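Below: one structure, written as structure tokens.
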Amino acid sequence: MRLQNLPSVDEILKDVRIREMEKSCARSLVVQAVRRELSHLREEITTTGHDYDRDQARERVVKEAIRQLESLQSGSLRRVINATGVVLHTNLGRAPLSPRSSENTVRLAQGYTNLEMDLEEGKRGSRYQHLESMLLSLTGAEAALVVNNNAAAVLLALNTLAKDREVIVSRGQLVEIGGSFRIPEIMTLSGANLVEVGTTNKTYLSDFEQAISERTALLLAVHTSNYRIVGFTHEATLDELVRLGQRHKLPVVKDLGSGSLINLSPWGLEAEPTVQDCLHNGVDLVTFSGDKLLGGPQAGIILGRKQLIDDMKRNHLLRALRVDKMIIAGLEATLSSYITGDPTENIPVLKMLTRNKAELQDQAIQLAQSLRDGLLDSADPPEVKVVEITDRVGGGAYPLQDLPGYGVEIIFGFDPEQLVRNLRISKPALLPRIQESAIILSVRTLQAGEGDLIPVLLRQGLEALK
Ligand SMILES: *Cc1c(COP(=O)(O)O)cnc(C)c1O
């Protein structure tokens, strides 16, 4: 093909649509985008021999450059409608914030705050004091510290309490949490030495006891958040570990993972130990995530003995793991929902987990009706029906827990792969479940107002197939 048919940079820059872009985008970036698209086209022509006339080439470069600039302007993080029925969807940002939490975050992010100032005394204060009294009142812990995430919490605890010494863990609890949190790797990073005891399925208290030596720094219990070992099994209980630790003057640390502050069994979830239960058991430190069952922003919360927490506050590693004011603002407002009233009414994660079946069914019936109405005049309207489905807690919590839910199944006469892709790249993105030649929209994980958008997005997705 003739590369001489390629328009010049200057010619493209004179196009009215590109000149329009310059009003909302720095000129240097516009020029860069045009150059890049021209060189893409040049490359394509040389490798494929594809023929373009001058007009086609210009059109392509202009359109692609604009697309590139628009996506630069808006960034790539965008709203997603989660219709998968997985409440704590790790790939979708785990816990959505409550209105109270997101409003507080925005309100405090827009100005200055007393992040590190004691306003009473007019002196320098600590960012860590803000959440402490709330956390202590809610849990009865002696002291609290909040860091970037739970991985950071475990890292800081191990580095502070066990660097160059030994940490004893059951082989049944050497977890990997999606996205590369692995107990052995965190241990190595912290500078502590891992001592594995027991076997995958059976670990006894005596295994811990026999491994204790003068090199031992602490006993670590890890919540097997995302898997269960079933059948011929045994684990030392937290109670037993605590008593063993007390006898040997060794702290016991529990990585609780998705620690909940409330017992969810009245809503039909399996009984799992709450944060307060662990502290009651006498563990010296418990760590958990802010954005799993707690329902707040990404954070790692450490509760327990004051002396150990003070040691962690003095560790310089904390500087690299510290939380930002926006997180503190979001977490304060999340915790205030536990203080002021019924968190299951205010915190989206808890609200979604505790919804009753009748309510979900009503919502599915409504959604199905608006989908039928919205697709009525399409050439070949798909079959739309309400179905009973099983939702999931997700986020590596309650791996065996089925949440009975309702969804809307839309059955097409074709493989919906391309449609699903169209829905994924729409704005906002819509993520359904896929089942052979159907998609299923779970209503449990839809947020306020999202149900109204779905018929529109689906219509657009179907139209884009043509
Ligand atoms: C989720 C989880 C982690 C990691 O927490 P992040 O907040 O994602 O860093 C660590 N341990 C356990 C047991 C978990 O469930």
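Per the Debye formula with a single identical scatterer at each Cα and no solvent contribution, what log10 I(q)/I(0) holds for region 81-141 at q = 0.18, 0.26 Å⁻¹?
Listed by q, the Debye log ratios stand at -0.91, -1.08.
Using the Kirkwood formula over every pair of different C-alpha atoms, what hydrodynamic radius in Å results for the chain?
Computed over Cα pairs of the chain, the Kirkwood hydrodynamic radius comes out at 25.7 Å.
Quick one: net charge around Ile301, please, counting Lys, Arg +1 and Asp, Glu -1 for every other residue with C-beta under 11 Å from its C-beta.
Once all neighbours under 11 Å are counted, the net charge is -1.
So for each of 211-220, 138-147, 249-258 I average, over its residues, the number of other beta carbons within 10 Å; can you give me the resulting order with the highest mean first?
Result, highest mean Cβ count within 10 Å first: 249-258, 138-147, 211-220.
Based on alpha-carbon atoms only, what is the radius of gyration of region 373-414 relative to the globular estimate 2.2 N^0.38 Å?
Relative to the rule-of-thumb radius for its length, region 373-414 sits at 1.66.
Would you mind ranking Glu383, Glu11, Glu272 by Cβ crowding within 10 Å, fewest neighbours first?
Ordered from fewest to most neighbouring Cβ atoms within 10 Å, Glu383, Glu11, Glu272 come out as Glu383, Glu11, Glu272.
Using the Cα centre as the reference, give the magnitude of the dipole from point charges on the C-beta atoms of region 296-398 (Lys, Arg: +1; Asp, Glu: -1; all else neutral), rounded to the nearest 20 debye.
Using Cβ point charges on Lys, Arg, Asp and Glu, region 296-398 gives about 920 debye.
Residues in region 154-183 near a label at His316, defined as backbone nitrogen under 15 Å from the 7 Å Cα→Cβ point?
160
Roughly what angle does helix 54-74 make with the longest principal axis of the chain, taking Cα atoms, 0 to 90 degrees, to the nearest 10?
Helix 54-74 and the main axis of the chain meet at about 30 degrees.
For a footprinting-style exposure proxy, rank Tyr52, Tyr112 by other Cβ within 10 Å, fewest first.
Fewest to most other Cβ atoms nearby, the residues stand as Tyr112, Tyr52.
As a footprinting exposure proxy, order Leu269, Leu441, Leu41, Leu293 by other Cβ within 10 Å, with the fewest listed first.
With the sparsest Cβ surroundings first, the list reads Leu269, Leu41, Leu441, Leu293.
What distance in nm separates the simple spin-label points at Leu376 and Glu121, each placed 7 Å from Cα in the Cβ direction?
Between Leu376 and Glu121, the label points sit 6.9 nm apart.
Report, to one decimal in Å, the Kirkwood hydrodynamic radius for region 153-302 based on all distinct Cα pairs.
15.6 Å
Send over the semi-axes of region 351-435's equivalent ellipsoid, whole angstrom and largest first, taken as the square roots of 5 times the C-alpha gyration tensor eigenvalues.
25, 17, 12
Would you mind calculating the relative contact order of region 164-230 from Cα pairs under 8 angstrom and at least 6 residues apart, reporting the percent as a whole number?
For region 164-230, the relative contact order is 48 percent.
Given a cut-off of under 8 Å on Cα pairs at least six residues apart, what relative contact order in percent is computed for the chain?
Relative CO of the chain lands at 19 percent.
What share of Cα pairs, in percent, lie more than 19 angstrom apart in region 98-171?
59 percent
Give me the three principal axis extents of region 39-109 from the C-alpha atoms, as integers in angstrom, largest value leading.
56, 30, 16
Specify the angular offset, from 0 to 90 degrees and rounded to the nearest 10, of the alpha carbon long axis of helix 357-375 from the longest principal axis of the alpha carbons in the chain.
Helix 357-375 and the main axis of the chain meet at about 10 degrees.
Over all distinct alpha-carbon pairs, what is the Kirkwood Rh of region 11-154 in angstrom?
For region 11-154, the Kirkwood estimate is 21.0 Å.
Separation between the Leu92 and Leu465 pseudo-spin-labels, each 7 Å from Cα along Cα→Cβ, expressed in nm?
2.2 nm
When averaged across all projection directions, what area in nm² does the alpha-carbon convex hull of region 313-459 cover?
Mean orientational projected area (region 313-459, Cα hull): 12.3 nm².
Any read-out appearing in this document is the output of simple, stated calculations on the displayed coordinates, not a laboratory observation. Since the structure is predicted, the reported quantities are computational estimates derived from the model, not experimental observations. Quick reminder, even Gly has a Cβ in these numbers, built from the backbone with ideal geometry, and neighbours come from all protein chains shown.
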